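Before any comments, here is the structure.
The values are calculated or read from the model by the stated rules, or taken from the named source; none is laboratory data. Keep in mind it's a predicted model, so treat the numbers as computed, not measured. Using ideal geometry, Cβ is built from the backbone for each residue, glycine included, and neighbour counts are taken over all protein chains shown. All accessible areas refer to the heavy atoms of the entire protein, side chains included, with ligands and DNA or RNA removed. Shrake-Rupley method; radii C 1.70, N 1.55, O 1.52, S 1.80 Å.
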Amino acid sequence: MNATIANDLFRQSIRDYHRTDHVDTPIANPYSSSDIESLLYQKNWIDTVQWHLEDIIRSPTIRPDELVGIKRRIDQSNQDRTDMVEQIDGWFFEQFRTITPKPGARLNSETPAWLLDRMSILQLKLYHFREQTERADAPEEHRRKAQFKLDVLLEQEQDLAQCFDELMDDIRSGTRYMKVYRQMKMYNDPTLNPVLYGQTTQEPSSPQPQAQSQS
């Protein structure tokens, strides 16, 4: 696995989504569920659907009931995204299990999968900023500004790709090592979120006026 393969998979997922461009389109993952390609394709599909849910929820004409429904879908999508990152990191951890870190090897705080998470989101930004540079209904100034931002994002794409490949090389060589970090999300867990498990808090009582001493 390297940055070129990962970015190609992310772009493929984005293109496949935009064939229908609808948040309810079911995923048709073309890869075997046991392969890392399948995990990366699914990861980006989650990101792509959430990208468009975030657009929908900002509509000034959205009904309150629709807004609540979309917000809950976004919350669930965030949980799915985190779970998928941990699953991808688990895959990498197994791949590197037999590698013995060298003396003085450094722990990298950003794991391979969280770096891939940034790369996945970046491909979405590239896709949509590229769209803005090609909008026939937008003024030239709009397209010019979009192109400037697109150029910055393209530089970031190169930088992140280099960082990912260097991280892979360093882990393989034993100069850096990784751990699988669990995010320990609380808000979706009915046993941990006080609102969900029914914990109530009492309003603090108002302070009682102090009796004044008689002179």
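How high is the relative contact order of the range 87-186, in percent, with contacts defined as C-alpha pairs under 8 Å that are six or more residues apart?
Result for the range 87-186 is 47 percent.
When the Cα atoms of the range 16-113 are enclosed in a convex hull and the volume is divided per residue, what value in Å³ results?
Measuring per residue, one finds 113 Å³ for the Cα hull of the range 16-113.
With θ set to phi - 60° and the Karplus curve 6.51 cos²θ - 1.76 cosθ + 1.60, what are the ³J(HN,Hα) couplings of the range 24-29 in order, to the nearest whole Hz, using x for Gly and Pro?
So the Karplus estimates, Gly and Pro as x, are 9, 5, x, 5, 10, 5 Hz.
Principal axis extents for the chain, Cα atoms only, whole Å, descending order, please.
Cα extents, longest axis first: 83, 59, 38 Å.
Given an 8 Å cut-off on Cα distances and at least 6 residues of separation, report the relative contact order of the range 1-73 as a percent.
Dividing the mean separation by the residue count of the range 1-73 yields 30 percent.
How big is the dipole moment of the range 1-159 about its Cα centre under a simple scheme where the beta carbon of each Lys and Arg is +1, that of each Asp and Glu is -1, and everything else is neutral? Debye, nearest 20, please.
240 debye
Given contacts defined as C-alpha pairs under 8 Å and at least six residues apart, what's the relative contact order of the chain, whole-number percent?
Value for the chain: 23 percent.
Taking the Cβ-Cβ separation of Thr175 and Glu94 as r and a Förster radius of 22 Å, what is the calculated FRET efficiency to the nearest 0.05?
E(calc), rounded to 0.05, equals 0.65.
Run the count for the range 26-173, please: Lys pairs, Cα-Cα under 22 angstrom, 8 or more apart or on different chains.
Total qualifying Lys-Lys pairs in the range 26-173 comes to 5.
Hey, what's the chain come to in accessible area per residue, 1.4 Å probe, Å²?
Computed with neighbouring chains in place, this is 64 Å² per residue.
Share of the range 1-113's accessible area from carbon and sulfur, percent, 1.4 Å?
51 percent
Which residues' amide hydrogens lie under 5 Å from the amide hydrogen of Tyr177, considering only partners 5 or more residues apart or on another chain, with H built in the peptide plane?
The answer is Arg106, Leu107, Asn108.
Just by accessible area at a 1.4 angstrom probe, what is the order of Asp170, Asp80 from largest to smallest?
Descending accessible area places them as Asp80, Asp170.
Can you work out the Karplus-derived ³J(HN,Hα) for every residue in the range 31-42? Use 6.51 cos²θ - 1.76 cosθ + 1.60 with θ = phi - 60°, whole Hz, and x for glycine or proline.
3J(HN,Hα) across the range 31-42, in whole Hz: 10, 5, 4, 8, 9, 5, 4, 5, 5, 5, 4, 5.
What order do you get for 148-161, 7-20, 113-126 when each peptide is scored by the mean count of other beta carbon atoms within 10 Å, highest first?
Most protected by this proxy first, the peptides run 113-126, 7-20, 148-161.
Taking the dipole about the Cα centre of the range 1-148, with the C-beta of Lys and Arg at +1 and of Asp and Glu at -1, give me whichever of Leu53, Gly104, Phe93 is farthest to the positive side.
In the range 1-148, that residue is Gly104.
Mind checking the full-extension length gain between Asn108 and Leu154? Use 0.36 nm per residue of separation minus the Cα-Cα distance, one decimal, nm.
Numbers: separation 46, 0.36 × 46 = 16.56 nm, distance 2.47 nm.
Full-extension gain reported as 14.1 nm.
Sum -39500 (n - 2.57) across every DSSP H segment of at least 4 residues in the chain, then divide by the residue count to get the 222 nm mean residue ellipticity, nearest 500.
Computed mean residue ellipticity for the chain: -21000 deg cm²/dmol.
Evaluate the range 9-60: find the radius of gyration of its Cα atoms, find its Kirkwood radius, and give the ratio Rg to Rh.
In the range 9-60, Rg relative to Rh is 1.02.
Helix 112-133 sits at what angle to the longest principal axis of the chain, using alpha carbons and giving 0 to 90 degrees rounded to 10?
The angle comes out near 80 degrees.
To the nearest 10 degrees, how steep is helix 3-17 against the longest Cα principal axis of the chain, on a 0 to 90 scale?
The angle comes out near 70 degrees.
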